[in-house]
Amino acid sequence: MRDHDFTKILRWPGYRVYQYEINEEAKTLRLWVRRKRGNRKPECSGCGRKLVDYQDCREREVRDLPWGEFRTTVVVEVYRVRCPDCGVKAERVPQLPSKAPFSKRFEEAVGLACESASARQVARRWGSAASTVRSIDRRYLERRATGRRKPALKQMGVDEIYVGKKTKFLTLVSNLETGEPLWFGEGRQQEVLDEFFQTQLRAGQRRRIEAACVDMWEAFTNSIHQYAPQCRIVYDKFHVLQHANQAIDEVRRAEFFRQGGRARDLVRGKRWLLLTRWVNLDTEKKDNLTPCLPSIAA
Ligand SMILES: [Zn+2]
């Protein structure tokens, strides 16, 4: 196989393989690459400007996708450019996204694998340490987050989360359409949600919110009324039921007390019995309640 064939299989745009080394025993492949002839103007990694003038050239070694059973390492020539704006800077190489010793497509393959398996499993599959896989995954996610347009926030979810005695509550804002958490702040006062509106959304974005799902915590609704008055507020079903149940509970209790002394004695210690739906009670329990509760049990 000639260097030319290696270049074709490697497929690093703008680069060619000029030397290789195959170790059959260790199952490793090393490829030395440099810029192709028509690709001689390195780009400044600071500003993206193309430059002819360069300071020096060094070799960098990165792990790339395997070739069959062979673990592949690419040794690439990297220039340092003299940029009039940024000074001496490393050139930008699309396949080298960070200082870590991995090619971009290697990190993408590992990051993708992490979406459906634990870091430890991915590490075993790729023959790396779990900690290495975790940092690759972090970089992969960061790049993906900066590279994509965030979907517009139309349906907003606001929740409070209890995190323990010290911090107590966190306010969590999420995009209900995509199911993504967007932001969290410490505490659950109105100012916390105000801060989200002030720092995370521009006026236009606030106007585009159509609905917000919140629990029945007044601080949140106040903040929404102030910053997104057009937005319709939907109460979380769980919290509506919680309030409704409390109301029913109160009515039932009031009814018992209205029955007077004899009934009250019977009621004492039977709260759960009283809150059970009549149809779900067995005969013995119904008998237990019937004498004092003509108005409710009937
Ligand atoms: Zn520059």
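The values are calculated or read from the model by the stated rules, or taken from the named source; none is laboratory data. In this text, all values refer to a predicted model and were calculated from it rather than measured experimentally. Cβ atoms come from the backbone with ideal geometry, glycine included; neighbour counts cover every protein chain shown. We work out accessible area using only protein heavy atoms, side chains counted, and drop any ligands, DNA or RNA first. Shrake-Rupley method; radii C 1.70, N 1.55, O 1.52, S 1.80 Å.
Over its Cα atoms, what ratio of radius of gyration to 2.2 N^0.38 Å does segment 85-221 give?
Rounded to two decimals, the normalised Rg is 1.39.
So, counting K/R as plus one and D/E as minus one, what does the shell of residues with Cβ under 13 Å around Ala119 add up to?
+3
Could you check the spin-label model distance between Ser98 and Tyr162? Points 7 Å from the Cα along Cα→Cβ, value in nm.
Each label point is offset 7 Å from its Cα along the Cβ direction, giving 3.8 nm.
Taking K and R as +1 and D and E as -1, what net charge do the other residues with C-beta under 14 Å from the C-beta of Cys44 add up to?
+3
So what's the gap between the Cα centers of segment 36-64 and segment 163-242, to the nearest angstrom?
Taking the Cα centre of segment 163-242 as reference, the centre of segment 36-64 is 47 Å away.
How far apart, in nanometres, would the label points at Leu182 and Asp3 be if each is projected 7 angstrom from Cα along the Cα-to-Cβ direction?
5.4
Mind listing the phi-derived Karplus ³J(HN,Hα) values for segment 57-71, rounded to whole Hz, using 6.51, -1.76 and 1.60 with θ = phi - 60°, and x for any glycine or proline?
Karplus values, whole Hz, x for Gly and Pro: 9, 10, 9, 10, 10, 10, 7, 10, 4, x, 9, x, 8, 8, 6.
In segment 1-122, if the dipole is taken from +1 on Lys/Arg beta carbons and -1 on Asp/Glu beta carbons about the Cα centre, which of Val62, Pro94, Gln19 is farthest to the positive end?
Pro94
Carbon and sulfur: what percent of segment 126-213's accessible surface (1.4 Å probe)?
In segment 126-213, the share of accessible area belonging to carbon and sulfur is 49 percent.
Is the shape of segment 38-164 best called rounded, prolate or oblate, per the rule: a/c under 1.5 gives rounded, else a/b larger than b/c gives prolate, else oblate, with a ≥ b ≥ c the square roots of the Cα gyration tensor eigenvalues?
It is oblate, given that a/c is not under 1.5 and a/b is not larger than b/c.
Cα-Cα over 26 Å: which of Lys41/Lys99; Lys41/Lys150; Lys8/Lys89?
From the list (Lys41/Lys99; Lys41/Lys150; Lys8/Lys89), the Cα-Cα distance tops 26 Å for Lys41/Lys150; Lys8/Lys89.
Evaluate the relative contact order of segment 75-166 (contact order divided by residue number), counting alpha-carbon pairs under 8 angstrom at least 6 apart; express in whole percent.
For segment 75-166, the relative contact order is 15 percent.
Using per-residue counts of other Cβ atoms within 10 Å, averaged over each peptide, order 163-169, 173-179 from highest down.
The peptides rank, most packed first, as 173-179, 163-169.
Arrange the peptides 72-81, 96-105 so that the one whose residues have, on average, the most other Cβ atoms within 10 Å appears first.
Highest mean packing first, the order is 72-81, 96-105.
Can you tell me which aspartates and glutamates have their Cα less than 20 Å from the Cα of Lys27? Leave out same-chain residues fewer than eight positions away.
Lys27 reaches Asp3, Asp5, Glu61, Asp64, Glu69.
For Tyr18 and Gln205, what does the FRET efficiency come to when R0 = 41 Å and r is the distance between their Cβ atoms, rounded to the nearest 0.05?
Result of the calculation: an efficiency of 0.20.
Write down Rg/Rh for segment 1-94, rounded to two decimals, with Rg from the C-alpha atoms and Rh from the Kirkwood relation over Cα pairs.
1.04
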